[in-house]
Amino acid sequence: MHHMTLAEIARGLADKKFSSEELTKALLARIAQLDPQLNSFISLTEELALGQAKAADARRANGESGALLGAPIAHKDLFCTQGIRTSCGSRMLDNFKAPYDATVVAKLAAAGTVTLGKTNMDEFAMGSANESSYYGAVKNPWNLEHVPGGSSGGSAAAVAARLLPAATATDTGGSIRQPAAFTNLTGLKPTYGRVSRWGMIAYASSLDQGGPLARTAEDCAILLQGMAGFDPNDSTSIDEPVPDYSASLNGSLQGLRIGVPKEYFSAGLDPRIAELVHNSVKELEKLGAVIKQISLPNMQHAIPAYYVIAPAEASSNLSRFDGVRFGYRCENPQNLVDLYKRSRGEGFGAEVQRRIMVGAYALSAGYYDAYYLKAQKIRRLVKNDFMAAFNEVDIILGPTTPNPAWKLGAKNSDPVAEYLEDVYTITANLAGLPGLSMPAGFVDGLPVGVQLLAPYFQEGRLLNVAHQYQLNTDWHTRTPTGF
Ligand code: GLN
């Protein structure tokens, strides 16, 4: 049962081959058996899941249908879930039970999804390896000695290990696409404003965006359909009609113009990944696409700009966690300053503290112009590069990551080395563009992803290209040994 995709589950439920309750019980048993190896969940919500599954079965018995009705999923643990711990991977929120559901959670619940639990993540979504979680690192099911990517490493490892068919995730600088690449999944970061951020605990508000992680583009289309849409509670949500994503999957790629940026292939990219990227290009050419070399000249400045803007916003967003208004409070504070200092010092982990300090520094009166303002100018240049490129091509294609998943602990002593791994993903967040990562082969037994970027609100185009690719390749069907 656990090998089924969301699309297969929907058909099976519609044909009464099994009930959502049976499926939910089977997956909960599988999680209990296998997750101790992976640590992909922070909380399991068995009771909620069984209640939702029974309710979904009853709705189907009453003649209702829907691709997500009775579908088991999990939420990254930064989506607020009413009455359920929402930890954000941090000691700071270890005992926080959200008083309301995030819009994404509420929309998916209304569509009939069954929440199996809350998935592990880098603390406050800061990281590319899922090693900064207060609840411990997550292991990559393809090789338990390697990281699953981050920050949505728990969602990715759980879906890759067939503990469930799909999960929600968020992407501030690559946290959907990079773990998708590292675990052989398909992951989509939508256009900024496409999916509501209401109830999604903020890391960097101008970059954060929720999206689906699944095994296929077809399943990403199904899950995105349930997540996307205008939300009056989120002032950055955009009131743009949501197309039928599943209907967009079958378009022909004849004449599709794919741009491949020359800057993507400079030093730093594992040549074996470069070869797999070229293979994916050849595959898409066979399907009728036309390839064009393009240039994104400001790409080299994107990492420094991102690692000023994201920490700057984080330092502001995380100021509310002070032991008084929100979050962990230290024992026996001596006075107010001691309370603030120790609550934040004990509640936040090292990486979060590093980001808060970098951000506060970049925003300080004496350095604002030199760092924050400069970074915002670079952000505009990065966006302009994309706008120019999309005058010439329909899609931009390249690697999702410069290297495959590294060994657990390999980058712990050098945060900048980890930041550099985000080189291909963060530009889409700076520009607000949609991006998708899809499985495209293996290096040393570890999965490799290819990233597709499209103009604003062209999620359907990304899903279309990835689906056509997946109809003609079988990388996405490969399963990690032991799972
Ligand atoms: N690795 C990036 C960071 O640490 C992106 C994380 C994310 O997308 N949430 O900021």
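Any read-out appearing in this document is the output of simple, stated calculations on the displayed coordinates, not a laboratory observation. Keep in mind that this is a model prediction, so the values were computed, not measured. Heads up, the Cβs are rebuilt from the backbone with ideal geometry, glycines too, and the neighbour counts pull from every protein chain shown.
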(message) Suppose we filter region 196-222 for residues that are basic (Lys, Arg) and away from the ligand (no atom under 13 Å from the Cβ); how many remain?
(response) 1
(request) Check 448, 443 and return the single one that is of a type in the set (Val, Ile, Thr) and buried (at least 19 other Cβ atoms within 10 Å of the Cβ). (result) 448
(message) Quick check on residue 187: is it in a loop (DSSP other than H, G, I, E, B), within 15 Å of the ligand (Cβ to nearest atom) and either surrounded by 24 or more Cβ atoms within 10 Å (Cβ to Cβ) or under 9 Å from the mean Cα position of the chain (by Cα) (or both)?
(response) no
(message) Please go through (1) within 22 Å of residue 131 (Cβ to Cβ); (2) touching a residue at least 12 places away in the same chain (Cβ under 8 Å) for residue 439 and return the number of the only condition it doesn't satisfy.
(response) (1)
(message) Tell me whether region 87-108 contains one or more residues that are in a strand (DSSP E or B), within 16 Å of the ligand (Cβ to nearest atom) and in contact with a helix residue (DSSP H, G or I) (Cβ under 7 Å, 6 or more places away or on another chain).
(response) no
(request) Return the total of residues in region 249-292 being crowded, with 18+ Cβ neighbours inside 10 Å and polar (S, T, N, Q). (result) 1
(request) Hey, can you tell me all the residues within region 157-184 that are crowded, with 24+ Cβ neighbours inside 10 Å, assigned to a loop (DSSP other than H, G, I, E, B) and away from the ligand (no atom under 16 Å from the Cβ)? (result) 161, 163, 164, 165, 184
(request) Could you tell me which residue of region 14-43 is farthest from residue 139 (Cα to Cα), considering only residues that are over 27 Å from the mean Cα position of the chain (by Cα) and assigned to a helix (DSSP H, G or I)? (result) 14
(request) Considering every residue within region 456-463, establish whether at least one is buried (at least 20 other Cβ atoms within 10 Å of the Cβ) and of a type in the set (A, V, I, L, M, F, W, C). (result) yes
(request) Look through region 428-460, keep the residues that are in contact with a strand residue (DSSP E or B) (Cβ under 8 Å, 6 or more places away or on another chain) and over 22 Å from residue 159 (Cα atoms), and return whichever of them is nearest to the ligand (Cβ to nearest atom). (result) 429
(message) Condition (residue is more than 27 Å from residue 445 (Cα to Cα), out of contact with any Asp or Glu (no Cβ under 9 Å at 6 or more places or on another chain) and of a type in the set (A, V, I, L, M)) applied to region 264-271: is it met by at least one residue?
(response) no
